[in-house]
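Asks: Below is a structure I'd like to ask you about.
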Amino acid sequence: MTPTPVQAAIATFGLASLLWSLRTEQLDPLVLLLMAAHGNRSDQWPRSPLGSDADPVIEPAPGTEGGRPPIGPRSGSATTGGNGAASGGAVVGMAALQDWTRSLWNGDGLVVIVLSAAGTVVAVNGAAERLHGVSQEQLRGCAYGECYLAPGDRAAFAAHLERLADGQLCPPLETGIHPPGGPISHLLWTFSPLRDPTGGDYAGVVLAGCDITARCHREASLRQAEVSYQSIFENALEGIFQTSPEGRYLKANPALARLYGYGSPEEAIAALQDVSQQLYVDARRRQEYVERIEREGCVTNFEYQIRRRDGALLWLSETSYAVRDEAGRLLHYEGIVEDITAKKVAAEQQYRHAFYDGLTQLPNRAFFLGRLSQTIEGLRNAHQVGFAVLLIDLDRFKVVNDSLGRAVGDRVLVEMARRLNRAVRSGDVVARLGSDEFAVLLVGIHHERNAYEVAQAIQRVLCGPLHVNGRDIVMSGSIGIAVSPVASCLLASSEDLLRDADTALSAAKRLGRARCVMFETHMQANALQRLDTELELRRAIEQGDLKLFYQPIVQIETRKIVGFESLVRWPQGEGEWTSPNQFVPLAEETGLIEPMGRWVLWEACRQLRQWQRLGVAGPELKVGVNVSGRQFADPNLVTEVAAALAGSGLDCRCLYLEITEGAIADHAAVVDDRLRSLKGLGIDLGIDDFGTGYSSLSRLIEFPIDTLKIDRSFISSMAQRREGLAVVQTIIGLAANLGIAAIAEGVETHEQMERLRSLGCPYGQGFYFAPAIAAEAVPAWLERWDHRSRSR
């Protein structure tokens, strides 16, 4: 087989000779690839044996046509000797270049493959063998493009070979290599055509390839990352943006456009030229953002409020950073924004639930105490002047709630809250502490008089009539006032000041409705004393230390004893007693009146039944028991009375219950049912302190009442005031017309007794007849009274 020109050249001269046969324009790309394979570093090129760093060059020899002489020094280089010296230098340079080319041929860097004009492999270097995983003998003769190139690259490769055969130069080509059973590689090829040395015909090509697999992998990763980023950018739920330092949007994703109310990012970018003015509700937040990002280089979770294109308000949280060039100049801002409106609304709702009253929308106790603590601290630090705390309790609100229903009661509370806000000054705080109790924090109070004037103004506002469900309601409020001390060092805690105001409020309610009372130091001592008294009273009830006394009720005309009113007394020692005026109101206030009232009921029934068994009292004698407002409101009252009668064995006709007019008025919602249920037991019912309460005469007619007890204040005023006598006469006449027995209490003089008899009052009770008598002294007293009555 005759060798081809390429094979002959390689066999005769080696690879270096083959390279020398190439034209200069053919050699240059290959040399560049050789340089690239060695890192493009000049210190890796073979050093010239001539002692210079000159790169090897190819120069035409004199008198030759198209030949390639051995490589020699550059034109103009210094030489020694004549032509022999120059020739010797060229020979030495040629040998060095041959050694260098041989090292590249056998090294790991550049893949070199020599193809024939038909595209079959003629020769390969060691790097090519290792890349393909086969030997040169196995590669030789195969059609390289069809055997090893990726299918998608074969057409371009064949086109390059055709262009070379036509005498055209070809640019580098990137192809994939698929060796059998090996990993896929990517190479960048440079094509250098080979010409027949004799005839100059196209003889083949030298392929010099750089392995760019790692670079391709990196580029693929970058492309994938770019695709992923673009997908994230386009499909993210959060808004992603890029803005100029002046606030103009440069880039925006669809989520950001939707967030701002625009149909597309392009529309949003075109419309939003200044976010500070067009988006931010508070432009100062934008300025704060700019200052922070300039100072720190980034902002994290920066919250601000924007106004959407449609006018809706949104809360956003932004995380962004400043992008700068190498010189540190600010280019733009980049970041993401998240809609946190729902979180803000939930947080606001949670806050309002924790610190605001759901019905009146006023601050609650927790908020009020917190603000009061801040005010106290401000006064301690001399940041503000004095303040005052007003505690307000709506008078007789329970009556409204019980009689008209909770819905009406709620409307009353809402209206009272509105009036309170209207009555106070700007900067004051109104809060609802619970039920019908409100508090006001007055700031800037210089004198107690200022606080008292505001309290009076509040009372005037509260007293205005309300029209609810077709009914006019008139309310009032009792107010306790506590003013901060002049000296800040004397300031107590917020709880202490609220306690002082509550102490003053209790004093106001004891004085009557619609009162304003200023806290004074002695009130605290009185309050502590009341606590001690409450504890002792509770112990006395539990241990049975209370005593029942009985005051006779006399038929004025006949002087006959028709019954006794049972009166509770509290002994404190030998001959000492606590006044009922002290412990009965306390028992009402603290709730001790209920166990005390149950004991009085059972004890009175037991005592009368015992007298009957002893023959001291006849079957017609009655015992009266007072029922407090708390007892009357208790749904178990009827059951308790029935149990006391059954337990004592007392005839129901021997018991009558006295209920104050105020208790009936305060529990209008249950009064009808309660009175009729009690009357159903067969007992008598009476209204105590008639004329001092608020019951209407029209309703009085409807009640199953047996007696009216005329209050002692009217009896005592009969002689001094004509009006007093007229009231007594009216009550007696009213009772007679209704078939109800009138009982005058507090009869202390013979003149009073005679006047009552002249007015036709049937019954009387008071010191004129007898004081309250201890139970053990009643039998003897009855015997003496009977004897005295018979002797008249």
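The values are calculated or read from the model by the stated rules, or taken from the named source; none is laboratory data. Being a predicted model, the structure only gives us computed values, none of them experimental. Here the Cβ positions follow ideal geometry from the backbone for every residue, glycine too, while neighbour counts run over all protein chains shown. Each accessible area value is taken on the protein alone, full model and side chains, heavy atoms only, with ligands, DNA and RNA left out. Shrake-Rupley method; radii C 1.70, N 1.55, O 1.52, S 1.80 Å.
Asks: With the structure loaded, tell me whether Ile232 is under 32 Å from the mean Cα position of the chain (by Cα), surrounded by fewer than 22 Cβ atoms within 10 Å (Cβ to Cβ) and β-branched (Val, Ile, Thr) or whether it fails that test.
Replies: Working: under 32 Å from the mean Cα position of the chain (by Cα): yes; surrounded by fewer than 22 Cβ atoms within 10 Å (Cβ to Cβ): yes; β-branched (Val, Ile, Thr): yes.
Yes; evaluated as a whole, the condition is true for this residue.
Asks: Which condition breaks for Thr360 when tested against (1) under 28 Å from Ile664 (Cβ atoms); (2) among the β-branched types (Val, Ile, Thr); (3) in contact with a Lys or Arg (Cβ under 8 Å, 6 or more places away or on another chain)?
Replies: Every condition holds for Thr360 apart from (1).
Asks: In addition: Within segment 750-792, count every residue that is touching a Phe, Trp or Tyr at 6+ places or on another chain (Cβ under 6 Å) and either β-branched (Val, Ile, Thr) or in a helix (DSSP H, G or I) (or both).
Replies: Pass one, segment 750-792, residues touching a Phe, Trp or Tyr at 6+ places or on another chain (Cβ under 6 Å): 753, 772-774, 778.
When the remaining residues are screened for being either β-branched (Val, Ile, Thr) or in a helix (DSSP H, G or I) (or both), the result is 753, 773, 778.
Within segment 750-792, residues that are touching a Phe, Trp or Tyr at 6+ places or on another chain (Cβ under 6 Å) and either β-branched (Val, Ile, Thr) or in a helix (DSSP H, G or I) (or both) number 3.
Asks: Still on this structure, I have one more. Of the conditions (1) open to solvent by 40 Å² or more (accessible area, probe 1.4 Å); (2) at pLDDT 90 or above; (3) more than 17 Å from Leu390 (Cβ to Cβ), Val412 fails just one. Which one is it?
Replies: Here Val412 clears every test but (1).
Asks: Find all pairs meeting these conditions: Cβ atoms under 9 angstrom apart; at least six residues apart or on different chains; first residue within segment 267-296 and in contact (Cβ under 8 Å) with a residue 40 or more places away in the chain; second residue part of a helix (DSSP H, G or I) and charged (D, E, K, R).
Replies: Qualifying pairs under 9 Å: none.
Asks: Which helices (runs of 4 or more DSSP H) sit wholly inside segment 237-312 and have at least 1 residues that are farther than 14 Å from Gly335 by Cβ and within 26 Å of the chain's Cα centre (by Cα)? Talk me through it step by step, then tell me what you get.
Replies: On the way: elements: 254-260, 265-271, 275-278, 283-296.
Because the criterion is at least 1 residues that are farther than 14 Å from Gly335 by Cβ and within 26 Å of the chain's Cα centre (by Cα), the helices (runs of 4 or more DSSP H) in segment 237-312 that meet it are 254-260, 283-296.
Asks: Going residue by residue through segment 583-604, is there one that turns out to be assigned to a strand (DSSP E or B) and closer than 30 Å to Leu390 by Cβ?
Replies: Checked segment 583-604: no residue is assigned to a strand (DSSP E or B) and closer than 30 Å to Leu390 by Cβ.
Asks: What about Ser373, is it within 25 Å of the chain's Cα centre (by Cα) and at pLDDT below 90?
Replies: Numbers: within 25 Å of the chain's Cα centre (by Cα): yes; at pLDDT below 90: yes.
It is true that Ser373 is within 25 Å of the chain's Cα centre (by Cα) and at pLDDT below 90.
Asks: Related question: Given the conditions (1) within 18 Å of Val114 (Cα to Cα); (2) in contact with a Lys or Arg (Cβ under 9 Å, 6 or more places away or on another chain); (3) free of Cβ contacts under 8 Å to residues at least 40 places away in the same chain, report the number of the one that Phe233 does not fulfil.
Replies: (1)
Asks: Turning to a different aspect of this structure: Filter segment 511-550 down to the residues that are within 42 Å of the chain's Cα centre (by Cα) and either touching a residue at least 60 places away in the same chain (Cβ under 8 Å) or outside any helix (DSSP H, G or I) (or both) and list them by number.
Replies: Hits for segment 511-550 are Arg513, Ala514, Arg515, Cys516, Val517, Met518, Phe519, Glu520.
Asks: Moving on to the next point. Return a yes/no flag: does segment 216-224 have any residue that is surrounded by 15 or more Cβ atoms within 10 Å (Cβ to Cβ), free of Cβ contacts under 8 Å to residues at least 60 places away in the same chain, under 28 Å from Arg292 (Cα atoms) and out of contact with any Cys (no Cβ under 9 Å at 6 or more places or on another chain).
Replies: Filtering segment 216-224 down to residues surrounded by 15 or more Cβ atoms within 10 Å (Cβ to Cβ) leaves 216.
Applying the additional criterion that residues be free of Cβ contacts under 8 Å to residues at least 60 places away in the same chain yields 216.
Applying the additional criterion that residues be under 28 Å from Arg292 (Cα atoms) yields none.
No: segment 216-224 contains no residue that is surrounded by 15 or more Cβ atoms within 10 Å (Cβ to Cβ), free of Cβ contacts under 8 Å to residues at least 60 places away in the same chain, under 28 Å from Arg292 (Cα atoms) and out of contact with any Cys (no Cβ under 9 Å at 6 or more places or on another chain).
Asks: Scan segment 492-510 residue by residue and report those that are assigned to a helix (DSSP H, G or I) and either open to solvent by 70 Å² or more (accessible area, probe 1.4 Å) or out of contact with any strand residue (DSSP E or B) (no Cβ under 8 Å at 6 or more places or on another chain) (or both). Lay out the reasoning, then the answer.
Replies: Filtering segment 492-510 down to residues assigned to a helix (DSSP H, G or I) leaves 494-510.
Matches in segment 492-510: Ser494, Glu495, Asp496, Arg499, Lys509, Arg510.
Asks: Still on this structure: Please give the number of the condition Thr558 fails out of (1) among the hydroxyl-bearing types (Ser, Thr, Tyr); (2) in contact with a Pro (Cβ under 9 Å, 6 or more places away or on another chain); (3) modelled with pLDDT of 90 or more.
Replies: (2)
Asks: So, one more: Give segment 173-193 a look and list any residue that's out of contact with any His (no Cβ under 8 Å at 6 or more places or on another chain) and open to solvent by 80 Å² or more (accessible area, probe 1.4 Å), or say none.
Replies: Correct list: Pro180, Gly181, Pro183.
Asks: Okay, moving on. Against the condition on the phi > 0 side of the Ramachandran plot and touching a strand residue (DSSP E or B) at 6+ places or on another chain (Cβ under 7 Å), how does Ala514 come out, does it pass? So that I can check it myself, show each step before the final result.
Replies: Numbers: on the phi > 0 side of the Ramachandran plot: yes; touching a strand residue (DSSP E or B) at 6+ places or on another chain (Cβ under 7 Å): yes.
It is true that Ala514 is on the phi > 0 side of the Ramachandran plot and touching a strand residue (DSSP E or B) at 6+ places or on another chain (Cβ under 7 Å).
Asks: Looking at segment 427-470, which of its residues are basic (Lys, Arg) and assigned to a strand (DSSP E or B)?
Replies: Narrowing segment 427-470 to residues basic (Lys, Arg): 432, 449, 460.
The one that is basic (Lys, Arg) and assigned to a strand (DSSP E or B): Arg432.
Asks: Just a yes or no: is a residue in segment 627-648 open to solvent by less than 20 Å² (accessible area, probe 1.4 Å) and assigned to a strand (DSSP E or B)?
Replies: Yes - at least one qualifying residue is present in segment 627-648.
Asks: Conditions: (1) open to solvent by less than 90 Å² (accessible area, probe 1.4 Å); (2) at negative phi; (3) of a type outside the set (D, E, K, R); (4) touching a residue at least 60 places away in the same chain (Cβ under 8 Å). Pro197 meets all but one. Number of the miss?
Replies: It fails just one condition, (1).
Asks: Here's something else I'd like to know. From (1) over 18 Å from Lys622 (Cβ atoms); (2) buried (at least 16 other Cβ atoms within 10 Å of the Cβ); (3) at pLDDT 90 or above; (4) out of contact with any Asp or Glu (no Cβ under 9 Å at 6 or more places or on another chain), pick out the condition that doesn't hold for Gly746.
Replies: Going through (1) over 18 Å from Lys622 (Cβ atoms); (2) buried (at least 16 other Cβ atoms within 10 Å of the Cβ); (3) at pLDDT 90 or above; (4) out of contact with any Asp or Glu (no Cβ under 9 Å at 6 or more places or on another chain) one by one, Gly746 breaks only (4).
Asks: Can you confirm whether segment 314-332 contains a residue that is touching a His at 6+ places or on another chain (Cβ under 9 Å) and in a strand (DSSP E or B)?
Replies: There is at least one residue in segment 314-332 that is touching a His at 6+ places or on another chain (Cβ under 9 Å) and in a strand (DSSP E or B).
Asks: Taking segment 651-663, which residues are buried (at least 20 other Cβ atoms within 10 Å of the Cβ) and modelled with pLDDT under 90?
Replies: The answer is Thr660, Glu661, Ala663.
Asks: OK, next. Those residues that are among the hydrophobic types (A, V, I, L, M, F, W, C), touching a Phe, Trp or Tyr at 6+ places or on another chain (Cβ under 7 Å) and closer than 22 Å to Gln136 by Cβ, I need them from segment 152-207; list them, please.
Replies: To start, the set of residues in segment 152-207 that are among the hydrophobic types (A, V, I, L, M, F, W, C) comprises 155-159, 161, 164-165, 169-170, 173, 177, 184, 187-189, 191, 194, 203, 205-207.
Subsequent filtering for residues that are touching a Phe, Trp or Tyr at 6+ places or on another chain (Cβ under 7 Å) retains 164-165, 170, 173, 177, 205, 207.
Ile177, Val205, Leu207 - these are the residues of segment 152-207 that are among the hydrophobic types (A, V, I, L, M, F, W, C), touching a Phe, Trp or Tyr at 6+ places or on another chain (Cβ under 7 Å) and closer than 22 Å to Gln136 by Cβ.
Asks: Go through (1) in contact (Cβ under 8 Å) with a residue 60 or more places away in the chain; (2) closer than 21 Å to Gly746 by Cβ; (3) within 58 Å of the chain's Cα centre (by Cα); (4) surrounded by 20 or more Cβ atoms within 10 Å (Cβ to Cβ) and name the single condition Asp666 misses.
Replies: (2)
Asks: Looking at Thr639, Thr660, which is the one that is over 17 Å from Cys761 (Cβ atoms) and without any contact (Cβ under 8 Å) to a residue 12 or more places away in the chain?
Replies: Numbers: Thr660 fails: without any contact (Cβ under 8 Å) to a residue 12 or more places away in the chain.
When all the criteria are applied, what remains is Thr639.
Asks: Kindly indicate whether Ala644 is at pLDDT below 90 and of a type outside the set (Ser, Thr, Tyr).
Replies: Judged against the criteria, Ala644 is not a match.
Asks: Looking at segment 277-335 only, could you name the residues that are open to solvent by 80 Å² or more (accessible area, probe 1.4 Å) and over 25 Å from Arg258 (Cβ atoms)?
Replies: The answer is Arg284, Gln287, Glu291, Glu294, Arg295, Glu296, Arg324, Glu326, Arg329, Leu331.
Asks: I want to confirm something. Restricting to segment 607-621 and keeping residues that are assigned to a loop (DSSP other than H, G, I, E, B) and touching a residue at least 12 places away in the same chain (Cβ under 8 Å), which single residue is farthest from the chain's Cα centre (by Cα)? Steps first, please.
Replies: Narrowing segment 607-621 to residues assigned to a loop (DSSP other than H, G, I, E, B): 615-621.
Subset that is touching a residue at least 12 places away in the same chain (Cβ under 8 Å): 616-617, 619-621.
Numbers: Val616: 74, Ala617: 72, Pro619: 71, Glu620: 70, Leu621: 68 Å.
By that ranking, first place goes to Val616.
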